[in-house]
Amino acid sequence: MTTQSSTEYEKYYVPEKSKMAICATIGLFLSTYGAASIMNDMTFGDPGVETNSWTIFWVGLFFFSATLFAWFRIAIKENIAGLNSAQLKKSYVLGMFWFIFSEVMFFLAFFGALFYLRNLVGPWLAGEGEGGRMNHLLWEGFEYNWPMSLTPQEAVGGAANQPIANMGSFTSAEKSMAFGEAAAWYLWLPMWNTLVLLSSSVTVHIAHMGILDGNKRKFNLWLGISVVLGMLFVGLQILEYYEAYAHYGLTLNSGIYGSTFFMLTGFHGFHVVMGMTMLLIQWLRSVKGGHFTADDHFGFEASSWYWHFVDVVWVFLFLFVYIL
Amino acid sequence: MGDHHHGPAKGLSRWLFTTNHKDIGTMYLWFSFAMFILGGSFAMIIRAELFQPGMQLVDPAFFNQMTTLHGLVMVFGAIMPSFVGLANWMIPMMIGAPDMALPRMNNWSFWILPPAFLILASTLFMEGGAPAFGWTFYAPLSTTYAPPSVTYFIFSIHVLGLSSIMGSINIIATVMNMRAPGMTYMKMPMFVWTWLITAFLLVAVMPVLAGAVTMMLMDIHFGTSFFSAAGGGDPVLFQHIFWFFGHPEVYIIILPAFGVVSQIIPAFSRKPLFGYDSMVYATAAIAFLSFVVWAHHMYTVGMPVAGELFFMYATMLIAVPTGVKVFNWVSTMWRGAMTFETPMLFAIGFLVLFTIGGFTGLMLSIAPADFQYHDSYFVVAHFHYVMVAGAVFSMSAAVYYWLPKWCGRMYNETMGKTHFWISFIGFNIAFFPQHFVGLAGMPRRIPDYALQFADFNMLSSIGAFIYGASQILFLYNVVATIVAGKPTSEEKTWDGAEGLEWTVATPAPYHTFETPPQVK
């Protein structure tokens, strides 16, 4: 039924046994266990008791990061040694593509929560529509607007007066992050953030064109600019969080507006840091290691896809969290 | 670098450091069986408590921990990893690939599972006990009222999700990129097709589950109010997000089982699979529909009527592609030269019992009727017909079907058939009566019940013990086969079996298809 043929396909490189997976497992196990313990110490623990949760977490995280560093190093060395056939390279491309797809779905969960809460739950809590009975039974006097200016808890006069249990007190923000005074538009941070991140996507693309032409100088320059723009974005975002906590009264406790605002922008910010680190490593590889040629630069390409993905998420964030 | 035409490494390092799809598949299979025994022993405690009305053996809080962990361990520890193990073993051999596309990541996907379950199982010994909010972990039970161990539960779910996502990416890359020349998509064995579609589902919904548990984590520790109405959130939001993951999840469990049955029924009917193309399209249709039916798990939460109607009709629509599949399996057997070895018995058992589970699912999909059935033992009966008689029966079938290829030894047929009949009878004694007590109003997840349910519950417990015991026989048969089974070197163990895996030597060499075969 079958005949052996090696004419069409090159040999697929199946790596020798590797310690990477088991080391990464140990690192992941320690860091997740440590992280869970830290949070439990914080919420349920006795403040007087010393625990070693932070130590476990840091040891685990260090071990995990070191393993990933070694792992990527091996993968890069294999590629430089010419072990990767065109077919294997396609596996990496597919892997990165579906990884980004899974990230998209992660953000979709948070955007879905935002839409559901804003368009259905808010009006229901205020007594509208088919879920409206909640208002008379539980949250008498709550009126809904977005960004939420008064949480249902505040509407009934605080946690002591509310008829159901929950986990703490939710106070609404004094001011929202939405666009404020038209006269001072240039002080609106999200707009600058958008400009910075969108231009960094363009500069990454210019760097990509550079490497496709084999122009390493152009590549290094524009990739470096992209990393700097990424850092600028993170800096502005830190400033924005500072403003939110210090001057807007907007915190994680600020009801559902604060929850969705910080979770969406927070996870986005975390992904920006990851993407920026990836781009920075590619830049160092290119400048210090002399890696990448016009037809072999997947490490950069994957990082740039990730960067564009982070950018697209921001566009939706800007639209649904800040503007609408 | 040179070729490595060598066998496995010696000792423990073979398993810890391996990049071989067969080794990794073996580890997945053994791990999932260990979890099956663990989750099964939780079930035995549940059934022992329910043997008679009144509080008998355990206190209610521990009973709740048992139902919760039974569900979690069976879904995430037993069924899902078992099919991933099967995928690891069979997909490269079925499509003529030398290994999985990303072999080191493959090893990592497996090895993060045992620590994740170690964390989950260790919650049993923590202050406040293990999670006791049901495997669906609805807020606010899992947030406001949860024991402190919930944090560990959340992180173990994160790690399990990571494992599933990496495993699925690997399967997608393997199937899309590593098929042998001539192995076009529409020539792939059904098992490969069902796994490809399952992997898409996993990559799409595991991140959503990660989002759900992250929101829980934030609500518990950092003061957000996603699931708390006092801050403008909604506990029902949790259910929407959970079931957006959860409904595709049940197809993630059952689609590979469909694939296994689609391999085995043609082999023992000595006929090609009837309606191969329609099988592929039906699988894709089921996967697509699984994204738009989630709220049928939550008809009673007070959704708008328009929502109830949409989810009811969308759910009923799934019966159409599923019906296509059942029709095709029956038509494959029609006028076939059938024999009834153990894999075929399990496959036919699957076909009959899964169809019953599918029909009770159709009953549950009717929104007005579901107000009666919701959270009753009828639901428990329904999903055990699908999960146990569906997924686990097909897994047993798969083990008997491919075991000779894996280890070059033949299992004991008499013992295999005995295993089937005891399982089949025990399973039906355990779960068929639960339809009746459920329709009569016995709620699920309660350690005590009204006296009129006593007889059926005792019957149910006896059946569960029989089914549980039959798994010991299964374990014995498999171990005996590996250690001392009758050696066989026939390439084709079953004369009706088709596919590339039956063209390689028996037992399958450590490396297969280092140069791809030409498929005509």
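The values are calculated or read from the model by the stated rules, or taken from the named source; none is laboratory data. Since the model is a prediction, treat every value here as computed from it, not as a measurement. Virtual Cβ from ideal backbone geometry, glycine too; neighbours counted across all protein chains shown. Note: areas computed on protein heavy atoms with side chains; ligands, DNA, RNA excluded. Shrake-Rupley method; radii C 1.70, N 1.55, O 1.52, S 1.80 Å.
Debye calculation, C-alpha points only, no solvent: report log10 I(q)/I(0) for chain A at q = 0.07 Å⁻¹, in the same order as the q values.
Reported log10 I(q)/I(0), two decimals: -0.42.
Given the pairs B:22/B:325; B:22/B:417; B:22/B:486; A:17/A:89; A:11/A:288; B:187/B:486, which are separated by over 23 angstrom at their Cα positions?
Too far apart for the 23 Å limit: B:22/B:325; B:22/B:417; A:11/A:288; B:187/B:486.
Could you tell me which of B:296, B:85, B:267 has its Cα farthest along the dipole of region B:12-502 towards the positive end, charges placed at Cβ (Lys, Arg +1; Asp, Glu -1), taken about the Cα centre?
B:267
Counting other Cβ atoms within 10 Å of each Cβ, which chymotrypsin sites (Phe, Trp or Tyr not before Pro) in region B:466-520 have at most 15 and sit in a DSSP loop?
For chymotrypsin sites (Phe, Trp or Tyr not before Pro) across region B:466-520 that sit outside H, G, I, E and B with at most 15 neighbouring Cβ atoms in 10 Å, the list reads B:510.
Amide H of residue B:376: which non-local residues (sequence gap of 5 or more, or other chain) have their own amide H closer than 5 Å, using H built in the peptide plane?
Sorted by chain and number, the residues that satisfy this are B:444.
Would you rank B:110, B:222, A:267 by solvent-accessible area, highest first, keeping every protein chain in place and using a 1.4 Å probe?
B:222, A:267, B:110
What is the average number of partner chain Cβ atoms found within 10 Å of a Cβ in B:114-126?
For this peptide, the per-residue mean of nearby foreign Cβ atoms is 2.
With +1 assigned to the C-beta of every Lys and Arg and -1 to the C-beta of every Asp and Glu, and no other charges, what is the dipole magnitude of chain A about the Cα centre in debye, to the nearest 20?
Using only the charged Cβ atoms, the result is roughly 1200 debye.
Probe radius 1.4 Å, ligands and nucleic acids left out: can you give me the accessible area buried at the B-A interface, summed over both chains, in Å² to the nearest hundred?
Adding both sides of the contact gives about 7500 Å².
Please compute the length gained on full extension between residue B:124 and residue B:459, using 0.36 nm multiplied by the number of residues separating them and subtracting their Cα-Cα distance.
That works out to 117.7 nm of additional length.
Pop out the ³J(HN,Hα) list for region B:441-449 in order, Karplus 6.51 cos²θ - 1.76 cosθ + 1.60 with θ = phi - 60°, rounded to Hz; leave Gly and Pro as x.
Here the 3J(HN,Hα) series is x, 6, x, 7, 6, 10, x, 10, 8 Hz.
So who's got an amide H within less than 5 Å of the one on residue B:410, skipping anything under 5 residues away but keeping other chains? H placed 1.01 Å off N, in plane.
Distant-sequence amide H within range of residue B:410: B:486, B:488.
Sort the following peptides by mean Cβ neighbour count (other Cβ atoms within 10 Å, averaged over residues), highest first: A:198-204, B:367-373.
Ranking, from highest mean packing down: A:198-204, B:367-373.
So, in Å, what gap is there between the alpha-carbon centers of region B:354-406 and region A:145-215?
45 Å
Over all pairs of distinct alpha carbons, what does the Kirkwood formula give as the hydrodynamic radius of region B:12-502, in Å?
When all Cα pairs of region B:12-502 are included, the Kirkwood radius is 23.1 Å.
Accessible area of chain B with a 1.4 Å probe: how many percent of it is carbon plus sulfur?
Percent of accessible area from carbon and sulfur atoms in chain B: 72.
If I take every Cα pair under 8 Å that is 6 or more residues apart in region B:368-520, average their sequence separation and divide by the length, what percent do I get for the relative contact order?
About 34 percent, as a whole number.
Can you list residues whose amide H is under 5 Å from residue B:274's amide H, if they're 5+ apart or on another chain and H is modeled 1.01 Å from N?
Result for residue B:274 returns B:332.
With θ taken as phi - 60° and the coefficients 6.51, -1.76 and 1.60, list the Karplus ³J(HN,Hα) couplings across region B:315-332 in order, rounded to whole Hz; mark glycine and proline as x.
Ordered by residue, 3J(HN,Hα) equals 5, 4, 4, 4, 4, 5, x, 5, x, 4, 5, 4, 4, 5, 5, 5, 5, 5 Hz.
From the backbone phi of region B:184-200, what are the Karplus-calculated ³J(HN,Hα) couplings (6.51 cos²θ - 1.76 cosθ + 1.60, θ = phi - 60°) in whole Hz, Gly and Pro given as x?
6, 3, 7, 10, 5, x, 4, 4, 5, 4, 5, 6, 4, 5, 4, 5, 4
Using alpha carbon centroids, what distance separates region B:310-339 and region B:107-128, in Å?
Going from one Cα centre to the other spans 38 Å.
Mind grabbing the base-10 log of I(q)/I(0) for the protein assembly as shown at q = 0.05, 0.09 Å⁻¹? Debye formula, identical points on the C-alpha positions, no solvent, two decimal places.
Rounded to two decimals, the profile gives -0.29, -0.96.
Show me, bin by bin at 10 Å from 0, the whole-percent P(r) of region B:366-418 based on Cα pairs.
21, 31, 21, 15, 11, 1
For helix A:189-212, report the angle its Cα long axis makes with the longest principal axis of the Cα atoms of chain A; keep it between 0 and 90° and round to the nearest 10°.
Between helix and principal axis, roughly 10 degrees.
Quick check for me: using +1 on Lys/Arg Cβ and -1 on Asp/Glu Cβ, what's the dipole size of region B:12-502 about its Cα centre, in debye to the nearest 20?
The dipole magnitude comes to about 1060 debye.
Sort A:125-137, B:139-151 by packing, meaning the average of other beta carbons within 10 Å per residue, with the highest value first.
So the peptides A:125-137, B:139-151, ranked by packing, come out B:139-151, A:125-137.
Can you check what the net charge comes to around residue A:179, using other residues whose Cβ is under 15 Å from the Cβ of residue A:179 (Lys, Arg +1; Asp, Glu -1)?
-2
Quote the charge dipole size of the protein assembly as shown about the Cα centre in Debye, to the nearest 20; the model charges only the Cβ of Lys and Arg (+1) and of Asp and Glu (-1). Intermediate values should be presented prior to the final figure.
Values: 34 positive and 45 negative charges, 480 e Å.
Dipole of the protein assembly as shown, to the nearest 20 debye: 2300 debye.
Between 0 and 90 degrees, rounded to the nearest ten: what's the tilt of helix B:21-49 against the longest Cα principal axis of chain B?
The helix B:21-49 is inclined about 30 degrees to chain B.
Considering every residue in A:248-258, what mean count of other chain Cβ atoms within 10 Å of its Cβ is obtained?
Across A:248-258, the average partner-chain Cβ count within 10 Å equals 4.
Considering only protein heavy atoms, what per residue accessible area in square angstrom results for the protein assembly as shown with a 1.4 angstrom probe? Numbers along the way, then the final one.
Working: 32600 Å² over 844 residues.
Heavy-atom accessible area per residue stands at 39 Å².
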